[in-house]
Structure formats: structure tokens, C-alpha cells
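Worksheet for the structure shown next.
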Amino acid sequence: MDIKNVSALKTRQYRNFPMVPRVVFGSGSFDHLGEILMPKRSHSEAPIIFLVDDVFEGTELAERVPLIFNDQIIFISADEEPKTTQVDVLVNRIKKEFSELPSGIVGIGGGTLLDLAKAVAILLTNKGVASDYQGWDLVHRPSIYHVGIPTISGTGAEVSRTTVLLGPERKLGINSDYTTFDQVVLDPELTKGVDKEQWFYTGMDCYIHCIESLNGTYLNAFSQSYGEKALELCKEVFLEDLSHSESRDKLMMASWHGGMSIAYSQVGVAHAMSYGLGYLLGVKHGIGNCLVFQHLEEFYPEGVALFKTMLEKHEVTLPKNVCANLSEADFDTMINVSLNMEPLWENALGKDWQKTMTPAKLKSIYQKI
């Protein structure tokens, strides 16, 4: 087992989890970003660094970013999952270009950009490289002030205490009390124009969060209250005929509640298996969850049936033969990455999960994808 500090995680009966201390919600709330950041600026030589999805380069949104003094926008592609090496490059670049630590890091984009912002904020104040902190509760110094601004809804990255990264040996989060954002801006207007399939896959990440949390062995009243609300909102968004404005608002809040539902719980089979797909094939998280979830009737029968109804309603066709040409070594790699996600498996199947989810069974599911 190559996950650090899991034993410590399990021995604590109660966890004192952090929550995002400040959040602003509403259409147009992005325009308040300048006044939100101003009190956090230490002095003119300590910039705010904005990590922004490069899809917004040259757009009106980029022009609305409140740059002053020597602030800097770094545009980053979200075409690939965030990597530990990418975090290290960004941290080294910032330290090299500026004599002072930044006053803050602001992530603007989907889960990739939000996770990068959280990880960069941590590594600016903690020694070593990002892969050193993949695991549970390995970060011991507070990160610098960091802000999350989602431009697509579903990942829950805006509210979670983890930043999931592809590392040299695994796909695993930096799970810590210092990962959570200090401030989040939820502006549903920023999610306008999202590609339909990307909207669906990312929304399904939220839906699957709910199903896995609500059906897990770690379930408790805290997680259940958030998970049930998120599931209710997902059903409205993906099964009813809402206006575009109402759909944006509700999915943004579903993402928030879905992320909170796993704070005192965990995700399950789909997420554990999608980590294997992401590590080996670079399959993005949202679509990876969907590719796996369609074959999990044994574990989540009602959830999978409803998922297939949503697929049909929105005329989304999942890719086929993703794993058709993989070698035995490739399958072994995915299986090992997946099985290393022990807390997820325990939540899904209980303490004796290894009796149910054997490497052979895991391979048989991957072969269907």
C-alpha cells in the first residue's frame, strides 16, 4: 500500500474538516473580485497571480480580471489532467519572476485550473515538490491565500479539501486542511457557452459524487444532507426542462453541495476506477467517471439506470473501445492505480472490499469500456 497516512486517517473517530470561509454567489459577482482581493494585498511588490483556462485568452472575461501593480495572468490549457510536474514548473516560475511571495493565487476555470491553483498555493509555502504531498494530511504549513472561481459546474473542486494530480507513480490528491480555498466566487454567468458534452460530463461528476456518497459505508447525516440536496438539484437540471438561467444556478449549487457531500464521506467505485483511466490514458475525470459508471449496475443499480436515462434525454453517446487495444501491462497499471485508492473502496464495499473487488473483476469491468 503506497498511500501515506491512511492509517492515521482511519484511526481518528472525528475529523475537524475545514470549509470555505467566504463565498459569494450570484450572476455578475465576478465583478466584485477586485474589491474582494484588495484587503489581501500585502504590498505592491507581492502580486496576485491569476491562473486562467486558456480558452478565455483574448476574451471579455480575461479583460475583466482586476489586474493592478505587477499582477500576472498565466493562461493554462485544461486539455490534460493537472500534473505534479506542472505544479512544480508554475511554482518555480513564480518564485523566479518575483522577489516576494504572491499575495494570493486565483484559479479561474474548471476542475483542472482550480486544482492547479490549490496545489500552487500549497507548494509556494511548503518545501519539496508536489508529488511529496500526494496523500492524506502531509501538508504542514498553511498555503498562501487562494481563491477559486469555477467556470463550469460539477467537479466540486471549488469546495473540496483535495487537489487531484497526476504524479509520476499515481493519480492522487493532495488531501489536507490547507488545500481548501479561502474564498470562492460562484458566478453562474461564467458557465455560459460551455460545450454541451463537457457540460454533461462535468455535471455527471457531481451526480456520481452523490450516488457514491449516499450509497457508501461512510455515510452519515452530515454527508447525507448535502448529498441528497445535490442529487435533487441534479435531477432537476438533467431530467426537467429548466430555463438556461435556472439550470446554470442550480447546477452550480449542485456542484457545491456534491463537493460537500464527500467532505465527511468518500466517493466510490467509479472514481477509483476513473483514476486508473486518467493515469494511463489521460482520460479526463468527468468522462472517465461516465465511462466506468455505465457498467456499475451491480453496485449502484438505481443510480446507473437514472444515468442512462439522462444520457438518452441529452443525446450523449459515450466513446467505445477505449480499452480495446490495451496490453496486459496496461491493464495491470490501471488496476494497481485503482486498487491503491483504499478509502474509496472501503466506502463503496466495506472493510472486506478486497474480497469483492479482485484484480480479475476490476479487469473485467475495464475490458467493457
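The values are calculated or read from the model by the stated rules, or taken from the named source; none is laboratory data. Just so it is clear, the structure is predicted and the values come from calculations on it, not from any experiment. Backbone-built Cβ (ideal geometry, glycine too); neighbour counts: all protein chains shown. Ligands, DNA and RNA are excluded from the accessible area calculation, which covers all protein heavy atoms including side chains. Shrake-Rupley method; radii C 1.70, N 1.55, O 1.52, S 1.80 Å.
Results, tabulated for the structure shown:
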| item | result |
| --- | --- |
| Test for Glu158: is it in contact with a strand residue (DSSP E or B) (Cβ under 7 Å, 6 or more places away or on another chain), modelled with pLDDT of 95 or more and under 27 Å from Glu35 (Cα atoms) | yes |
| Qualifying residue in the range 127-136 (condition: open to solvent by 10 Å² or more (accessible area, probe 1.4 Å), in a helix (DSSP H, G or I) and either among the small types (Gly, Ala, Ser) or in contact with an Asp or Glu (Cβ under 7 Å, 6 or more places away or on another chain) (or both)) | yes |
| Tabulated pairs, the range 302-325, first under 18 Å from Ser247 (Cα atoms), second loosely packed, with under 10 Cβ neighbours inside 10 Å, C-beta under 9 angstrom, 6+ apart or interchain | Leu311/Thr317 |
| Any hit, the range 19-34, residues being open to solvent by 70 Å² or more (accessible area, probe 1.4 Å) and at pLDDT below 95 | yes |
| Single residue of Ala254, Ala305, Ala270 found to be out of contact with any Lys or Arg (no Cβ under 7 Å at 6 or more places or on another chain), surrounded by fewer than 21 Cβ atoms within 10 Å (Cβ to Cβ), small (Gly, Ala, Ser) and part of a helix (DSSP H, G or I) | Ala305 |
| So Thr217, is it within 26 Å of Val147 (Cα to Cα), polar (S, T, N, Q) and either touching a residue at least 12 places away in the same chain (Cβ under 8 Å) or in contact with a Lys or Arg (Cβ under 6 Å, 6 or more places away or on another chain) (or both) | no |
| Any chance Ser247 is of a type in the set (Gly, Ala, Ser) and free of Cβ contacts under 8 Å to residues at least 24 places away in the same chain | yes |
| Failed criterion for Phe75 (all others in (1) open to solvent by 50 Å² or more (accessible area, probe 1.4 Å); (2) out of contact with any helix residue (DSSP H, G or I) (no Cβ under 8 Å at 6 or more places or on another chain); (3) hydrophobic (A, V, I, L, M, F, W, C) hold) | (2) |
| Residue that is surrounded by the fewest Cβ atoms within 10 Å (Cβ to Cβ) [pool: residues in the range 337-361 that are in contact (Cβ under 8 Å) with a residue 24 or more places away in the chain and polar (S, T, N, Q)] | Asn340 |
